[in-house]
1. Being closer than 26 Å to CYS193 by Cα, aromatic (Phe, Trp, Tyr) and in a helix (DSSP H, G or I) is the requirement here; does PHE129 meet it?
2. State whether the residues of the range 154-169 include one that is part of a helix (DSSP H, G or I), farther than 16 Å from SER139 by Cα and in contact with a His (Cβ under 7 Å, 6 or more places away or on another chain).
3. Within the range 179-203, work out how many residues are within 15 Å of the chain's Cα centre (by Cα) and free of Cβ contacts under 8 Å to residues at least 24 places away in the same chain.
4. Having 2 or more residues that are modelled with pLDDT of 85 or more and either in contact with a Phe, Trp or Tyr (Cβ under 9 Å, 6 or more places away or on another chain) or surrounded by 18 or more Cβ atoms within 10 Å (Cβ to Cβ) (or both) is the bar; report the helices (runs of 4 or more DSSP H) wholly within the range 220-309 that clear it.
5. Considering each residue of the range 133-150, count those that are closer than 12 Å to ILE39 by Cα and touching a Lys or Arg at 6+ places or on another chain (Cβ under 9 Å), and give that number.
6. State all residues of the range 67-76 that are surrounded by fewer than 16 Cβ atoms within 10 Å (Cβ to Cβ), touching a Phe, Trp or Tyr at 6+ places or on another chain (Cβ under 8 Å) and not hydroxyl-bearing (Ser, Thr, Tyr); if no residue qualifies, say none.
7. For GLU206, only one of the following conditions fails: (1) part of a helix (DSSP H, G or I); (2) at pLDDT below 90. What is its number?
Amino acid sequence: MLRRGRKPRNSSEQMVFNNYEAMNFILEHKDDLLTPALILEIHRLVTKGTIDREAVGQFRTHNDIVVANPVTRVIYHTPPDFQEIGKFIEALCTFANQRGSDEDPGVDYIHPVIKGIILHFLIGYVHPFNDGNGRTARSLFYWYVLSRGYWLFEYMPISRIILRSKKKYSLAYLYTEYDEMDLTYFLLYNRSCINDAKKNLMQYLEEKHTEQIATKSIISKIPDISQREGDILRTLMEQSDEYFTIREIMQQYNTVYETARTDLLHLLDLGYILRKKRGREFVFIFNEKNEKRYHNQKLKKATAPNSNSTSGCSKDQPDPA
C-alpha cells in the first residue's frame, strides 16, 4: 500500500499508514522539546480515521474511561480525573525535557531508554485520551529515544512485538500498579520486547545482506545494468508472480519518478522484464521466458577465459574491487 501510494482500504491499513506518517513526523521533530501540543499532534497522526473524529487529537473531557477486560468487564485501572490531565501532561513534559546532566544541575540522570519506557508507562497510566492511548504511548517512546540519539530504534519493530504479547503488556501495567507503582515489571517487559525487536532487526539485515550478494551476482552477469537496476531485477525475479508500478519502484528505492521509469524501461529494452497495461497505468513483471537467456549469460560468464574457473592454470587475477 505504501509503496504503491494507494489509500488505505480498511482500518488495519489506516493504522499502518498512520504509523508511517507518525514516524516521519517524529523524525522531523525529534530535536524539539516535548509539549502538550506535540503529544496531541502525535495522537492525531496515529488515530485519524480509526476512532471518532471528535476525539482525534483531543484530551478526554470526561471520566467514562476505564481499563477493563473486554470479556469479563473486570476493571483493572481507573485513570485520574480528566480535570487533572492538563497538570499531569505538563509534569510529563517537564520530566521528558530534563536532561539530568551538567545541563540540568540537581536533576537525577536516567538512562534515555529507561526514561522513554517511563514516558510510555505514564501515558498509559494517565490515559489522557478517549482512545489511542497505547499507540500514542509507544510513539512517544520512539520520539524520546530518537531525540536522545538512539537512531537504531527507528528500525526496530518494538510495537509489533508488543502487539504480539498483549497479555504480558497488560500484566506489566497491572503488576506495577498493584505493587505500589514499582516500575520494575514494566521496565523488564519492555526490555524483553527491545531484545526481541533487535533480533528481528538483525535477521532482517542478514536477509538484506543475502539480497545484496544476489544483486552483485546479477550485475556480474549483466554488465549493462546499474546497481539499482540489478536490485530491481532481483526483486522482480524473486517475486515473479507480482506486478510492479513505476511509483512502487520509486517509493521502494527512494528515487524520483523519472529515475524509476528510466530504470524499468532500460530493463524492458534488455528483455528481462515485460510491460503490461492494467487500468490507467503500466505495470512491469519479470519476463520468465527470458530467464533462459539470463542463465546462458551466467554460464558464458563462468566459462569465459578470464573467469576464475578451476580448469586451466591461469594465474590468480587481482580483485577489481
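1. Working: closer than 26 Å to CYS193 by Cα: yes; aromatic (Phe, Trp, Tyr): yes; in a helix (DSSP H, G or I): no.
So PHE129 does not fit the description; no.
2. Initially, the range 154-169 is screened for residues part of a helix (DSSP H, G or I), giving 154-155, 158-164, 166-169.
Next, from what is left, pick out any that are farther than 16 Å from SER139 by Cα: 164, 166-168.
Imposing the further condition that a residue be in contact with a His (Cβ under 7 Å, 6 or more places away or on another chain) reduces the set to none.
No.
3. Here the count works out to 3.
4. Numbers: elements: 227-238, 246-252, 257-270, 291-302.
Qualifying helices (runs of 4 or more DSSP H): 227-238, 246-252, 257-270.
5. Filtering the range 133-150 down to residues closer than 12 Å to ILE39 by Cα leaves 133, 135-141, 143-144.
So of that shortlist, the ones also touching a Lys or Arg at 6+ places or on another chain (Cβ under 9 Å) come out as 143-144.
Residues flagged as closer than 12 Å to ILE39 by Cα and touching a Lys or Arg at 6+ places or on another chain (Cβ under 9 Å) within the range 133-150 amount to 2.
6. The first filter runs over the range 67-76 and keeps only residues surrounded by fewer than 16 Cβ atoms within 10 Å (Cβ to Cβ), leaving 68-76.
Add one more test, that the residue is touching a Phe, Trp or Tyr at 6+ places or on another chain (Cβ under 8 Å), and what stays is 68-69, 76.
Of everything in the range 67-76, those that are surrounded by fewer than 16 Cβ atoms within 10 Å (Cβ to Cβ), touching a Phe, Trp or Tyr at 6+ places or on another chain (Cβ under 8 Å) and not hydroxyl-bearing (Ser, Thr, Tyr) turn out to be ALA68, ASN69.
7. Going through the list (1) part of a helix (DSSP H, G or I); (2) at pLDDT below 90, GLU206 breaks only (2).
The values are calculated or read from the model by the stated rules, or taken from the named source; none is laboratory data. Just so we're clear, the structure is a prediction, and the values are computed from it rather than from any experiment. So basically every Cβ, Gly included, is an ideal-geometry build from the backbone, and we count neighbours across all protein chains shown.
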